[in-house]
Amino acid sequence: MKVISICNQKGGVGKSTVAYHLGWGLYEFKHKVLLIDMDPQGNLSATFDRQENCNAMEIFSDKPKLSSEIIVSGIENNSISLVTSNIHLSKVEFQISFKSYTKLRNALSMETNKKDKWDFVIIDCPPSLGVFTVNALTASDYVLIPSLPYYYSLLGLRDLMEIVEGVQEEGLNPRLEILGIVVNQLDRTIVARESLNVIKNKFSKLLFNTKLPRTIKVEEAIQAKKPIWLYRPDSLAGTAFKEFIDEFIKRVKRRGK
Ligand SMILES: Nc1ncnc2c1ncn2[C@@H]1O[C@H](COP(=O)(O)OP(=O)(O)OP(=O)(O)O)[C@@H](O)[C@H]1O
Ligand SMILES: [Mg+2]
């Protein structure tokens, strides 16, 4: 089982969109996938029509528990399960101690000790570097960073790298590795191209070859609650998201932890 946090403290960079597509993409590759919505905005849960529930709260209770529900199951034992979230999760943030960084890891390991339930666990993080994100990073093998090709996003990458290093070095999770940076919403503007070059120069090894293009079709697909390759099978964006899934699987296999 591989656990991957989709993380960036900047809002609107595509964390939930990438998490949603990874869920479907890995499912189509016959995997058993658990999606954990760690964001009180509950966007990922809403995309699966599950915004009424907030199972993520149980992770932070006195007796941490991971409650998930199977959303889709395929004929080859493949499935997508979801730990739901909504605005109620934000109450928890005030109640729990800021030292509660291992709650998710404990809840996850209790659940997966039973049997190898999932091949991939994908955690959709909120746009902050607070207690939910640190819980996700502490529970993960890898962190995947979606980023926009713009100046402020580049500045944010440095802060995020520091948090990741903090989690590695302060003993919370020495095994954590950055799987890569995936550029989302790339368009043909000069600023986007220039920012992409900066990311290439600074983080060449981390950068995914696949770039996800900016197109209203992605927004439409999310609204239609379908992955882009099913919503618009012939679109460039559909092809790009599929290529991204391939590259994601190859990267995880290559690291081979
Ligand atoms: N490649 C794309 N092209 C066009 N629109 C996109 C693309 N990727 C994401 N979007 C849209 O951009 C918005 C932000 O995406 P998303 O919610 O996935 O970001 P996020 O990082 O999860 O945001 P938050 O930090 O608020 O959780 C959404 O409305 C989404 O549909
Ligand atoms: Mg989100």
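The values are calculated or read from the model by the stated rules, or taken from the named source; none is laboratory data. Not measured: the values here are computed from a predicted model. Glycine also receives a Cβ, built like all others from the backbone with ideal geometry; neighbour counts cover every protein chain displayed. Remember, those area values only see protein heavy atoms, side chains included, never the ligands or the DNA or RNA. Shrake-Rupley method; radii C 1.70, N 1.55, O 1.52, S 1.80 Å.
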Per the filter on segment 47-62, residues surrounded by fewer than 20 Cβ atoms within 10 Å (Cβ to Cβ) and touching a residue at least 40 places away in the same chain (Cβ under 8 Å) are Phe48, Asp49, Glu58
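With more than 16 Å from ligand 1 (Cβ to nearest atom) and either modelled with pLDDT of 95 or more or β-branched (Val, Ile, Thr) (or both) as the only criterion, which of Ile228, Ile163, Ile249, Ile245 stands out?
Numbers: Ile228 fails: more than 16 Å from ligand 1 (Cβ to nearest atom); Ile163 fails: more than 16 Å from ligand 1 (Cβ to nearest atom); Ile245 fails: more than 16 Å from ligand 1 (Cβ to nearest atom).
On inspection, the qualifying residue turns out to be Ile249.
Residue by residue through segment 202-217, note down the ones that are open to solvent by 20 Å² or more (accessible area, probe 1.4 Å), within 13 Å of ligand 1 (Cβ to nearest atom) and in contact with a Leu (Cβ under 8 Å, 6 or more places away or on another chain). Step through it out loud before you land on a result.
Taking segment 202-217 first, the residues open to solvent by 20 Å² or more (accessible area, probe 1.4 Å) are 202-206, 209, 211, 213-217.
Then keep just the ones that are within 13 Å of ligand 1 (Cβ to nearest atom); that gives 211, 213-217.
Passing the criteria: Lys211, Pro213, Arg214, Thr215.
Residue by residue, here is whether (1) closer than 27 Å to Leu35 by Cβ; (2) among the basic types (Lys, Arg); (3) at pLDDT 95 or above holds:
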residue	(1), (2), (3)
Pro174	yes, no, yes
Arg188	no, yes, no
Arg193	no, yes, no
Val198	no, no, no
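Yes or no, residue by residue, for (1) within 16 Å of ligand 2 (Cβ to nearest atom); (2) touching a helix residue (DSSP H, G or I) at 6+ places or on another chain (Cβ under 6 Å); (3) open to solvent by less than 50 Å² (accessible area, probe 1.4 Å):
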site	(1), (2), (3)
Ile96	no, yes, yes
Tyr101	no, yes, no
Leu104	no, yes, yes
Lys117	no, no, no
Gly130	yes, no, yes
Pro146	yes, yes, yes
Gln185	yes, no, no
Can you spot a residue in segment 58-80 that is more than 18 Å from Ala221 (Cα to Cα), away from ligand 1 (no atom under 16 Å from the Cβ), in a helix (DSSP H, G or I) and in contact with a Leu (Cβ under 6 Å, 6 or more places away or on another chain)?
yes
For segment 1-10, give me the residue count where each residue is under 12 Å from Cys125 (Cα atoms) and open to solvent by less than 50 Å² (accessible area, probe 1.4 Å).
6
Any chance you could count how many residues in segment 187-201 are in contact with a Leu (Cβ under 8 Å, 6 or more places away or on another chain) and open to solvent by 50 Å² or more (accessible area, probe 1.4 Å)?
2
Of the residues that make up segment 29-40, is at least one open to solvent by 10 Å² or more (accessible area, probe 1.4 Å), modelled with pLDDT under 95 and over 19 Å from Lys242 (Cα atoms)?
no
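Select from segment 218-233 the residues that are hydrophobic (A, V, I, L, M, F, W, C) and buried (at least 18 other Cβ atoms within 10 Å of the Cβ) and list them in ascending order.
Of the residues in segment 218-233, the ones hydrophobic (A, V, I, L, M, F, W, C) are 218, 221-222, 224, 228-230.
Once the filter is applied, which keeps residues that are hydrophobic (A, V, I, L, M, F, W, C) and buried (at least 18 other Cβ atoms within 10 Å of the Cβ), segment 218-233 yields Val218, Ala221, Ile222, Ile228, Trp229.
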What are the pairs, 6+ residues apart or on separate chains, where a residue within segment 167-182 that is closer than 15 Å to Val3 by Cβ and in contact (Cβ under 8 Å) with a residue 24 or more places away in the chain has its Cβ under 9 Å from a residue that is in a strand (DSSP E or B) and among the aromatic types (Phe, Trp, Tyr)?
Leu176/Tyr142; Glu177/Tyr142; Ile178/Tyr142; Leu179/Tyr142
Pick from segment 63-85, criterion over 18 Å from the mean Cα position of the chain (by Cα) and either of a type in the set (Gly, Ala, Ser) or within 15 Å of Leu104 (Cβ to Cβ) (or both), ranking: surrounded by the most Cβ atoms within 10 Å (Cβ to Cβ):
Pro64
Out of (1) within 26 Å of Val72 (Cβ to Cβ); (2) buried (at least 19 other Cβ atoms within 10 Å of the Cβ); (3) touching a helix residue (DSSP H, G or I) at 6+ places or on another chain (Cβ under 8 Å), the one Ser140 does not meet is (3)
Consider only pairs whose beta carbons are under 6 Å apart and that are at least six residues apart or on different chains; among these, list those whose first residue lies in segment 9-31 and is closer than 15 Å to Gln185 by Cα and in contact (Cβ under 8 Å) with a residue 12 or more places away in the chain and whose second residue is part of a helix (DSSP H, G or I) and away from ligand 2 (no atom under 13 Å from the Cβ).
Lys10/Ser153; Lys10/Gly156; His21/Phe241
Restricting to segment 18-49, and then to whatever is within 16 Å of ligand 1 (Cβ to nearest atom) and part of a strand (DSSP E or B), can you tell me which residue is nearest to Pro233 (Cα to Cα)?
Leu35
